[in-house]
C-alpha cells in the first residue's frame with residue numbers, strides 16, 4: 001500500500017449542507033483557492049446537478065484551480081453524471097463522484113429499489129461516468145450499515161466498470177473506531193479486485209467519533225483517502241475535521257508513518273475564512289483552530305511553557321498558521337500595499353474596479369479603527385462579496401437612541417430592489433429595535449433561529465464585531481453575516497444579508513450524507 005494519504009476536502013459540498021451554510025459562487029471560489037494553497041489533494045466543489053447556481057460554482061472552481069483535483073458529486077443516473085462532467089470540462093484534474101445507497105433501510109424506504117436494481121444501477125452509472133471522466137469515485141451511501149455480502153458484490157462490480165476510488169461512508173455517524181477499521185479491512189480482503197482502487201472513508205460526527213473512525217479506517221482498514229471538512233463543518237453534528245485528522249497524522253507520524261501533501265501553515269487561515277464566510281463560529285476549545293487551542297491559563301502550565309514549550313504543547317501554534325503578526329496597514333497605507341495583502345490572503349478580485357472599491361471600504365474602516373488585522377480584511381471583503389447591483393436589500397444608514405430608563409429606538413434606511421425605504425421602531429435594545437424597523441417594511445415573516453456576535457479580532461474594544469443571523473422561512477434556512485465596528489450596524493447588515501438569501505430563488509437539492 002502507498003504511504004501517501006489523500007486528503008479529500010468536501011467543505012464546499014458536504015460542509016455546505018449545514019443548515020444556513022450555503023455559499024455564493026464567489027465565496028466558494030475564494031475558499032477553493034484557499035484549499036489550493038492548503039494543498040489538499042481533492043476539492044469536492046459541489047453537486048453540479050442540484051441547481052444552476054451549484055453548476056456554475058463547480059464550473060468556476062474547475063476553471064480556476066490548476067494544482068488540485070476538482071470533483072463534483074452526482075447521483076447514480078445519467079443526467080447527474082453528465083451535468084457533473086460538463087461542469088468539470090475546464091478542470092486540469094477532474095473527478096466525478098457517484099453515490100448510491102446500499103443499506104436495506106435506504107434501499108427499501110428511500111430508493112424503493114431491490115438489490116438487483118441497485119447493483120445494476122451502480123454498474124451502469126460507473127460505466128457511463130468512466131466514458132466521460134477517467135477518474136471516478138463511487139460511494140455506497142450508508143455503506144457501514146449495509147449487508148457485507150451485498151456491499152462486496154456492488155463494490156466488485158463498480159471497480160470492474162472503472163471506479164478508481166471506493167469511498168465507504170459512515171453516513172449517520174454510527175460506527176465505533178475498532179469495528180469500523182475491521183469493516184474496511186474485511187471489504188478490502190473480500191473484494192477480489194480491491195487492489196485496483198484507492199479505498200476511502202467518509203465519517204460523520206454524530207457520536208463525536210468521526211476523526212477516530214477515519215483514522216481507524218486508515219490504520220486498521222488500509223484506506224488511503226480521508227474525506228473531511230474545514231472546522232468539521234457539515235450537516236447534523238458535522239464531518240471528520242480536516243485540521244484534526246491532518247495534525248494527528250503529522251504529530252504522531254511515529255505511529256501512522258504516512259506522508260501528507262498538506263501545507264499546515266494554511267490551516268488557520270482556511271478555518272477563519274470558512275468560519276467568516278458561513279457564519280459558523282469556531283468554538284474556543286476546538287482542537288488546532290480554536291482560540292484557546294494554544295492558550296495556557298494555569299500557572300503551572302504557563303511556567304512549564306516558558307521554560308520549554310514541549311512541556312505542554314505537542315505542536316507549535318505558528319506551524320498551523322497562528323501568528324501574532326499584525327498587518328501594518330492603516331489610514332495612511334497605499335493601494336499597492338493593500339492589493340499585495342489581498343493577494344497574500346488569497347483574495348482575488350476580477351477587476352481593478354473591484355480592487356478600488358475594496359480599497360475605499362478599507363480606508364473607511366481605517367478611519368474608524370486604528371489597527372487593521374487580516375481578519376478585518378477578510379470580513380470586509382466577505383461582507384461586500386455581493387455587489388450592490390446584485391443585492392435586493394442593502395443598508396443605507398442607521399441611527400439609534402438608547403438611554404437608561406428609556407425604551408431604545410432605531411431609525412433605519414435601506415434599499416429594496418432599488419427603492420429606498422425608511423422605517424423606525426422601538427425595541428428591547430438597539431439591535432432589537434433596528435431589526436424590527438427593517439422587518440416592519442419587509443414583512444418577510446421569517447423566524448429568527450440564531451443571533452450571535454463574535455469579535456473578529458481580540459484584545460481591543462476597537463475590534464470589528466461579526467454578527468450571524470439565521471432565518472427560517474418555509475423550511476428554508478439561511479445565514480446572514482455582517483461585520484462592522486458598530487455591533488448594531490453589523491446586526492442590521494447581517495439581517496439584510498439573510499433576507500437577500502431568502503430572496504434568492506436558487507433551489508438546492510440535498511445530497512449524500
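Each reported figure results from applying straightforward, stated rules to the coordinates on display, with no laboratory input. What you see is a predicted model, and the numbers here were worked out from it, not measured in a lab. All Cβ positions, glycine included, derive from the backbone under ideal geometry; neighbour counts span all protein chains shown.
Taking the DSSP beta bridges with both ends in segment 6-278, the antiparallel portion is around 5 percent. The C-alpha atoms of the chain define a longest principal axis, and helix 242-251 lies at about 70 degrees to it.
Fully extending the segment from residue 476 to residue 308, taken as 0.36 nm per residue of separation minus the present Cα-Cα distance, adds 55.3 nm.
Looking at the chain, the DSSP beta bridges with both ends there are about 50 percent antiparallel. Put in line by how crowded their Cβ is, counting other Cβ atoms within 10 Å and starting with the fewest, 26, 318, 352 read 352, 318, 26. Helix 430-442 and the longest principal axis of the C-alpha atoms of the chain enclose an angle of approximately 80°. Among the listed values (i) 1.02; (ii) 2.27; (iii) 1.06, the one matching Cα Rg over 2.2 N^0.38 Å as calculated from this structure is (i). Ranked by the mean number of other Cβ atoms within 10 Å of their residues, highest first, the peptides 62-70, 360-368, 239-247 fall in the order 239-247, 62-70, 360-368. Ranked by the mean number of other Cβ atoms within 10 Å of their residues, highest first, the peptides 27-37, 258-268, 85-95, 445-455 come out as 27-37, 85-95, 258-268, 445-455. The angle between the Cα long axis of helix 335-344 and the main principal axis of the chain comes to about 30°, on a 0 to 90 degree scale.
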